[in-house]
Amino acid sequence: MEINEEELKVKLTPEEYAVLREKGTEAPFSGALLHDERSGMYTCKVCGQDLFASDAKFDSGTGWPSFDQAIPGSVVETEDTAHGMSRTEITCSRCGSHLGHVFPDGPTPTGKRYCLNSVCLDLKPLE
Ligand SMILES: [Zn+2]
């Protein structure tokens, strides 16, 4: 998918742009969706692709929205060695926007903890 960075800079807030397109991280406990308990689908803020179902969300205590599984095929996992750490970055498979990281220490049967930036997501609530 072709991304027009100049259009995106207008559409997104500076913080959203810094996280999604420059691999930033929002401050913990700052995200509007962190404690949103509504049922629905979490989608990519840039392209609207479905990423995570609310059923997969759990409270990890980290201050970022956390999920134990992604919609199949919706995220790409890439090794990230920035900041002297070995982590697995997750990006949207459609538009390549940065979303967060996935860690192998999830408390549910999947064993995974997808740690998301709230600003990267929109929630489409179920009617
Ligand atoms: Zn996307």
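Just so you know, all these numbers are worked out from the coordinates, no wet-lab data involved. Please read all numbers here as calculations on a predicted model, not as lab measurements. Virtual Cβ from ideal backbone geometry, glycine too; neighbours counted across all protein chains shown.
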Q) Is it the case that ALA56 is out of contact with any Ser or Thr (no Cβ under 7 Å at 6 or more places or on another chain) and either more than 16 Å from the ligand (Cβ to nearest atom) or among the acidic types (Asp, Glu) (or both)? A) yes
Q.
Suppose we filter segment 92-127 for residues that are over 16 Å from ASP55 (Cβ atoms), aliphatic (A, V, I, L, M) and touching a helix residue (DSSP H, G or I) at 6+ places or on another chain (Cβ under 8 Å); how many remain?
A. 2
Q. Do you know which residues across segment 1-39 are loosely packed, with under 14 Cβ neighbours inside 10 Å and part of a helix (DSSP H, G or I)?
A. GLU5, GLU6, GLU7, LYS9, VAL10, LYS11, PRO14, GLU22
Q: Pairs only if they're at least six apart or on different chains, beta carbon under 7 angstrom, first in segment 10-39 and without any contact (Cβ under 8 Å) to a residue 40 or more places away in the chain, second of a type outside the set (Val, Ile, Thr) and surrounded by 11 or more Cβ atoms within 10 Å (Cβ to Cβ); list them, first residue then second.
A: LEU12/LEU20; TYR17/LEU8; TYR17/LYS9; ALA18/GLY24; PRO28/GLY63; PRO28/TRP64; PHE29/GLY63
Q. Which pairs have Cβ atoms under 9 Å, sit 6 or more apart or on different chains, and link a residue in segment 81-104 that is closer than 19 Å to ALA56 by Cα and of a type in the set (D, E, K, R) to one that is away from the ligand (no atom under 14 Å from the Cβ) and assigned to a strand (DSSP E or B)?
A. GLU89/GLU77; GLU89/THR78; GLU89/GLU79; GLU89/ASP80; GLU89/HIS101; GLU89/VAL102
